[in-house]
Amino acid sequence: MNSIGELMATLREVDKSKYPELSNYTKDEIWREIGPGGLYLVSLLAKELSLAPNSVVLDLGCGSAQSSLYLANKYRAKVIAADLWTDPAENARRIESRGHRGAIIPLRLDASKPLPFAEEYFYICHFPFVTWQTEKFKPQPSGGDHEMGLPGSAH
């Protein structure tokens with residue numbers, strides 16, 4: 001295989017009878033839009049953790065906020081959509097155009113620095129495409145020891 005496009009072409013369709021929450025999405029949206037298999041992984045995570053309406057989620061490394069939009073749309077989650085490289089104004093326009101202005105807050109955050117959130121504030125800390133060097137994460141105020149929180153560990 002010479003390109004990512006050739007690799008992506010080999011991915012199979014998701015069995016939508018097993019994953020009805022993805023029934024309105026195309027194969028390309030499921031496998032490509034938010035990284036290889038990103039939407040599929042987000043749907044599995046939310047389903048596995050029984051994400052309830054109004055759960056607060058940190059979507060760290062959200063890119064174009066597609067995973068945030070999915071969580072707000074499907075699960076009525078409240079999402080902090082944080083990314084270092086994507087302009088939060090672009091995400092705000094995308095979020096508003098999809099009708100989720102009150103549910104998703106786009107921010108620019110550097111995940112290599114302490115995050116400005118209280119410990120155990122989030123129900124899920126979603127960051128599948130962010131590389132970390134420690135094992136656990138809990139967002140923390142400045143000055144404390146930094147831990148990483150596993151999805152669902154912050155209630």
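Output the residue which, of all residues in the range 43-92 that are charged (D, E, K, R) and assigned to a loop (DSSP other than H, G, I, E, B), is farthest from ASN24 (Cα to Cα). I'd like the intermediate steps shown before the answer.
Initial filter on the range 43-92 (charged (D, E, K, R)): 47-48, 59, 74, 76, 78, 83, 87, 90.
Remaining after also requiring assigned to a loop (DSSP other than H, G, I, E, B): 76, 87.
Working: ARG76: 17, ASP87: 27 Å.
Selected residue: ASP87.
Could you tell me which residue of the range 95-114 is modelled with the highest pLDDT, considering only residues that are in contact with a strand residue (DSSP E or B) (Cβ under 8 Å, 6 or more places away or on another chain) and assigned to a loop (DSSP other than H, G, I, E, B)? Step through it out loud before you land on a result.
Taking the range 95-114 as the starting set, the residues that turn out to be in contact with a strand residue (DSSP E or B) (Cβ under 8 Å, 6 or more places away or on another chain) are 95, 103-109, 111.
Right, trim to assigned to a loop (DSSP other than H, G, I, E, B) and you get 103, 109, 111.
Working: ALA103: 97, LEU109: 93, ALA111: 83.
The residue in question is ALA103.
Using the structure shown, decide if GLY99 is touching a Ser or Thr at 6+ places or on another chain (Cβ under 7 Å) and at positive phi.
Details: touching a Ser or Thr at 6+ places or on another chain (Cβ under 7 Å): no; at positive phi: yes.
Taking the combined requirement at face value, the residue does not satisfy it.
Considering the range 63-94 alone, what residues qualify as being at positive phi and modelled with pLDDT of 95 or more?
Within the range 63-94, the first condition is being at positive phi, and the residues that meet it are 63, 65, 76.
Of everything in the range 63-94, just one residue is at positive phi and modelled with pLDDT of 95 or more, namely ARG76.
So which residues in the range 87-112 are farther than 17 Å from LEU60 by Cβ and free of Cβ contacts under 8 Å to residues at least 24 places away in the same chain, if there are any at all?
ALA89, ALA92, ARG93, GLU96, SER97, GLY99, ARG101, GLY102
Which one of the conditions (1) at pLDDT below 85; (2) surrounded by 13 or more Cβ atoms within 10 Å (Cβ to Cβ); (3) charged (D, E, K, R) does ASP59 fail to meet, given that it meets all the rest?
(1)
Which residues, taken from the range 42-56, are among the aliphatic types (A, V, I, L, M), touching a strand residue (DSSP E or B) at 6+ places or on another chain (Cβ under 9 Å) and modelled with pLDDT of 90 or more? Even if it seems obvious, please write down each step before you answer.
First, the residues of the range 42-56 that are among the aliphatic types (A, V, I, L, M): 42, 44-46, 49, 51-52, 56.
Applying the additional criterion that residues be touching a strand residue (DSSP E or B) at 6+ places or on another chain (Cβ under 9 Å) yields 42, 45-46, 49, 51, 56.
If the condition is that a residue be among the aliphatic types (A, V, I, L, M), touching a strand residue (DSSP E or B) at 6+ places or on another chain (Cβ under 9 Å) and modelled with pLDDT of 90 or more, then VAL56 is the only one that fits.
The values are calculated or read from the model by the stated rules, or taken from the named source; none is laboratory data. Note that the structure is a prediction, hence the values are computed from the model and not measured. Glycine gets a Cβ as well: all are built from the backbone with ideal geometry, and neighbour counts include every protein chain shown.
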